[in-house]
1. Is it true that Phe102 is farther than 23 Å from Thr18 by Cβ, touching a residue at least 12 places away in the same chain (Cβ under 8 Å) and within 13 Å of ligand 2 (Cβ to nearest atom)?
2. For residues in the range 82-122 being in a helix (DSSP H, G or I) and charged (D, E, K, R), which is least open to solvent (accessible area, probe 1.4 Å)?
3. List the pairs whose first member sits in the range 114-139 and is over 19 Å from Phe72 (Cβ atoms), whose second member is of a type in the set (Gly, Ala, Ser) and part of a strand (DSSP E or B), and whose Cβ atoms are under 6 Å apart, counting only residues at least 6 apart or on separate chains?
4. Give me the residue from the range 3-29 that is among the basic types (Lys, Arg) and modelled with pLDDT of 90 or more and, out of that set, surrounded by the fewest Cβ atoms within 10 Å (Cβ to Cβ).
5. For Lys43, all conditions in the list (1) in a loop (DSSP other than H, G, I, E, B); (2) open to solvent by 50 Å² or more (accessible area, probe 1.4 Å) hold save one; what is the number of the exception?
Amino acid sequence: MQIRDPGAILKNAGFRATKPRLLLLELLEKSHTPLSIHDIVAKLINDDIDRVTVYRSIEAFVRIGVVREVDFQGQLARYELPDTEYDHHHIVCTKCHKIEDFIGCDVERIEKKALHQSRSFSRISSHSFDLYGLCNSCA
Ligand SMILES: [Zn+2]
Ligand SMILES: [Zn+2]
C-alpha cells in the first residue's frame, strides 16, 4: 500500500496544513479500518485537539472528497482516505462490527451488466459495495 503524505493531500485540496488537519489525515492513513467519529475524537483528544475542530475538519474533507464516508447498515458513519492504488471494499461482521478490507470487486463486469439493463444511464462513475457476515470469533 502506498503511503500518502497528509501535507501534500492538504496542499492539493487547497487547505492550510494546520496541526489538527495533519494529525487527522495521518490517523486515517495509518488506520487499517475506517474509523468512526468517536474513534477519531478519542485518538486525537490526546494531542490536544478539540472535538469541534475534528467534526468540522471531517465535514469539510468529506465535502471535497479528501476523506470518504462509509456507512454500514445502520451503524455510525465511518471515515477513511479514498483509494488511490487499489479499489477496496469491506467485509463487516454483523455481530461485533469487525471490519476487514478486500480488494477486487469485479466492478467492470457488473457495470456492463447494469448499463446493458438500464434505460436511463450510459455511464457509471463510481460504485459502493460491502459484504456482511460473521467473523471467525462470532461464527
Ligand atoms: Zn464478529
Ligand atoms: Zn470496487
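1. Spelling it out, Phe102 is indeed farther than 23 Å from Thr18 by Cβ, touching a residue at least 12 places away in the same chain (Cβ under 8 Å) and within 13 Å of ligand 2 (Cβ to nearest atom).
2. Looking at the filtered set, the residue picked out is Glu111.
3. So the pair list comes out empty.
4. Applying the filter and picking the extreme gives Arg16.
5. (1)
The values are calculated or read from the model by the stated rules, or taken from the named source; none is laboratory data. Predicted, not measured: the structure shown is a model, and the values here were computed from it. Note: ideal-geometry Cβ built from the backbone for every residue, glycine included; neighbour counts use all protein chains shown. These area figures cover heavy atoms from the full protein model, side chains too; ligands, DNA and RNA do not enter into them. Shrake-Rupley method; radii C 1.70, N 1.55, O 1.52, S 1.80 Å.
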